[in-house]
Structure formats: structure tokens, C-alpha cells
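In what follows, a structure is listed as C-alpha cells, so that the remarks can point back to it.
Just so it is clear, none of the values below were taken in a lab; they were calculated from the coordinates. Everything quoted here is computed from the prediction, not taken from an experiment. Here Cβ is always computed from backbone atoms with ideal geometry, including for glycine, and neighbour counts include all displayed protein chains.
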Amino acid sequence: MTFLDYAPAPESTAVLSLRASYGLFINGEFVDGRGDGFTSISPATEKPIAQFSTANDADVDTAVIAARRAYDRTWSKLSGSDRGKYLFRIARLVQERARELAVAETLDNGKPIKETRDVDIPLVAAWFFYYAGWADKLDYAGLGPAPRSLGVAAQVIPWNFPLLMLAWKIAPALAAGNTVVIKPAETTPLTAMIFAEILQQADLPPGVVNIITGAGATGSALVNHGDVNKVAFTGSTGVGRAIAKSTAGTGKKLTLELGGKGANIVFDDAPMDQAIEGIVTGIFFNQGQVCCAGSRLLVQENIHDEVIERLKKRMSTLRVGDPLDKNTDVGAINSRAQLDRITALAGVGVEEGAERWSPECEFPTAGFWFAPTIFTGVATSHRIARDEIFGPVLSVLTFRTPAEAIAKANNTPYGLSAGVWSDKGSRILAVADKLRAGVVWANTFNKFDPASPFGGYKESGYGREGGRHGLAAYLETSGWAAPGRQADRPKTSSKAISKGSQE
Ligand code: NAD
């Protein structure tokens, strides 16, 4: 098959005015961190972008003190509508600086510019707009009478959607009246620091949001600080488990958004063209570094060969390369460590006897790259069917009946997402109802909306982000079960909040 060649269409980086080095953002100002500095590099070129500070224990303490003071003196005293005004202002500034944020995110993370431009950054603005609207309506959120803010929230986020995860954390926390100390991942601190500039532009009172950088030790010091009331973590299940242990019995309210191994189930009556696009979006969006990726394709046996043939054809048209190029579909893997992890797990897939296929790809000479890959002939016992690979690798399994599809989809320690492709609405509803996954997409995949709750079952974590459920994680409530608060959950609560409640 031959394709038309595309001329390079790189997005200009002239819109950026980056500093050579960024400190920590504490009490409304950039200050030097007292830990060792580190350099963030572009995963597509391995070239340095800027220097960042590591917050040591003393810096973490300073940040939490600033957040506590801001909570006591200003933020908790503001009316909901005044808090909302700040959030609206932040949302508008994100929109004004959207191009700059998209370019910075692509540079630092390696994901294609068409994703940061059309998905990440618009959703960041949408999240702030959405929660701005809730700030003065907390009494009407159905969370019980007179919900109250918690205090200081400690938030730790991963590198796969750096600014979007920041928005998911900060927007509901502020809307609910809390102050925040947040730590972005060590490989993607750039947009968080540009966001700090936005907070200055928005005149947010000092200390309401504090942004500290560093690696796991900084995150650990933050979540274990004695004066935080709430911990919100998004990242790996291993670290989530450690945080659950260390915060148990401390009275800190905890939400965990962890890993996943989502099943994308394609029935033989599915709209085939859309399903192929959905499979591609499900696993190759953001190079598959998506907690809710559709990384297990469950395809009905009688259409297996047709689906695989069409999928391979479609995969052959994916453009892998410079993420700043507007034509690029699949960008760089975020770090060498992540590339090594993906490479190792794909190797295990071959050793275990699955059949590996990738289209031919020409990679740039520097940077971290992995070709879109599918494995066929996968059994549920294979590690590539069980472990989260967090890369552009799809494991294909088959099923014959809906019951078998459901059993296989649920045969995982995780429970974050799933997709169902079928022409029949009744079948979709019946299957979705039995899937142990926080989010089930029907005839689509990887769609996000601030009004829709998102979160996991089992080892994918607990608590919900998004929607009014996302507010509950940041409020002291009575009368309705706040997701993420098992200990004092009222007995009257039920799992009736559809997929929005926790296990
Ligand atoms: P990670 O757990 O290693 O790191 C996540 C964050 O935690 C980083 O900021 C890191 O510095 C920090 N951290 C590391 N050790 C810590 C500790 N002991 N205490 C406190 N903080 C610590 O995960 P990762 O490799 O950066 O991210 C990938 C993982 O995140 C995947 O498993 C993915 O599924 C998950 N993820 C989940 C969601 C979700 O919403 N469920 C979203 C994105 C990513």
C-alpha cells in the first residue's frame, strides 16, 4: 500500500517564553527549593528544557504551612461565589494561554500536539469552568446538608496527562473551599509551573495553591505531612497501596486513582469502521500511557480475523514521530524508564507465545520511541493480558458469548474502564451493568467530561473525580456516602450511584 507523503508541519515553539530554571511555587511566589535541582528533558529529542527544584522536607513543611494559613485566613472565609470567580478567571486564562500550554505540554511529555491542543488543554479549561459553577452551589450538590471544606489537600499526580491531572485535582478542591499543595511528576513539571504563573495573573490569594516539584521522596513527605487533611493521589497501584497504608488511621481523607487494564469488547454486530477507530483511540491515544486505556481487546471469535486485518491496515497509517508535528498520531514515550518497562513486558509477551505485530516505523535518531504493537493469540493467563503495560501495546483475546466476554473482561485485578461495541443498545446496557469497571464507554472510547465521574474498582483505586462525586472527595458531608470515605460511610448509603460509587 502506498500513502501520500505529508510535508512536515511542526508547531512553532516561539509562543513559549520559558525560564532557564523554575523554583517551587509557595505562598504565591517562586522560591528556590532546598533539595537537589533536576533537569526536565524533551522525550522526543532528549534535549534539556529547563531546570527544576526538588522540595525537601523543610520545603514541604513551608508549603503546607502556607496552605494552612491561606485556608484559615482567606480561602475558607470567602463566599462560594467569590471562590467561583477565581476559578472562572483561571479557566479563562488557561484558554488565553492555551497554545502556549499545549506546546509546553507536548515538549515536556512527548504526546502529539494535536492531543494537547484538542484534548488536554481544552479539558483543563473545561474542568475549571465546571467546578467554578459548583463553588456557590455546594448545598445543592445532593451531598447532604451544609457540606464543609476539609482544610489542606495534599495532591500527587503522574506524568501522562500532567496539566489535566492537575486540573482534576485543583479545581474541585478549590471549589469546595480547600487549599492545596500539589506535586507534579518529576518528568513533567513544566506546565504546572506555567500554571503557577497563571495563578499569579489571576491574583489568587497567596498560599491557596502551592506547587512543589521533586520525585517520590517529595511526594511521600507531602502525603505524610501531619497537617494535611486530605490526600489525593493518581499514579501506580504500588505507590497507591503504600500511601493507603501510611495514611490509615491518621484521619486523612484519601482518594486513589491507580492503574488499569481496560477491556474493549467488540461484538460481531458492532459498527465495524467505528470500532476499529475506537480500538485505535483506546490503545494508541497518548501512546497508550493512559490508565483507562483499552489495552485488552476482546473480540467475538467469528469476526476476529476481519478485525485484525482491518486493524493492521489502520495501524499502518498511524504516523509515529515528532510530537510537535501537527500530523503526528503517536508521539514519544515519556521517559527512558517507561520505554524500558514497555520493551520488557512486550518481550515477555513473545516469550509466552503470543504473536507480535507492528507496522513499519521510522523513528527519529534521538528520543524514546515504541511502535504501535498488537499481540494476537493471547491467553488470559499471559502477563500481557494481566499487567498494565502503559504503552502502545494491545493484547487481543477472543470470546464466543456475552457471558464469556463479561467473565474475561472482569478477570483482572483492576477495574477502571471498559468499552462495549455493539449495534444493540439493550446488549450494551446489559453487558455494561455486569462489568466491574468505573467507566464503561459504549461505541466510543477515551471520552472525558468534567460532569462525568471517573474512578476505579479493586486495584484501580477508590473515590471519584469529576462531576458532583468529585466534589464529595473534598467535602465533609453527611447524609450521602462520600466516595473515598469508607470508614464513616452512612449505613443508608448504597451502590445506587451507578458506576460512580466505590466498591
Ligand atoms: P508513580 O506512582 O510512580 O508516580 C506517580 C506520582 O507519585 C509521581 O508524582 C511520583 O513522583 C509520585 N510518587 C512516587 N513515589 C511516591 C511515594 N512513595 N509517595 C508519594 N508519591 C510518590 O506512577 P507513574 O509511573 O508516574 O504513573 C503511571 C501510573 O499512574 C500508571 O499505573 C497509571 O495507570 C496510573 N495513572 C492512573 C490514573 C487514574 O486516574 N486512575 C491516571 C493517570 C495515571
At 7 Å along the Cα-to-beta-carbon direction for both Q51 and D136, put a label point, then send me their distance in nm to one decimal. 4.6
State the extension gain, in nm to one decimal, for the chain segment bounded by A7 and R356, taking 0.36 nm per residue of separation less the distance between their alpha-carbons. 122.6 nm
Going by alpha carbons, how many degrees (0 to 90, nearest 10) lie between the helix axis of 121-134 and the longest principal axis of the chain? 50
Taking Cα atoms, the helix 98-109 axis meets the longest principal axis of the chain at an angle in degrees (rounded to 10) of 70
From Cα pairs below 8 angstrom and at least 6 apart in sequence, can you work out the relative contact order of the range 89-138, rounded to a whole percent? 44
Once a ≥ b ≥ c are taken as the square roots of the eigenvalues of the Cα gyration tensor of the range 19-141, is the result rounded (a/c under 1.5), prolate (a/b larger than b/c) or oblate (a/b not larger than b/c)? oblate
Quick check: the angle from helix 237-247's long axis to the longest principal axis of the chain, C-alpha only, nearest 10 degrees? 30
Label points 7 Å out from Cα along the Cβ direction at L318 and Q201: separation in nm? 3.4
Provide Rg and Dmax in Å for the chain, with only Cα atoms included in the calculation. 22.1, 66
Share of antiparallel DSSP beta bridges in the chain, in percent to the nearest 5? 30
What fraction of the DSSP beta bridges in the range 263-442 is antiparallel, stated in percent and rounded to the nearest 5? 10
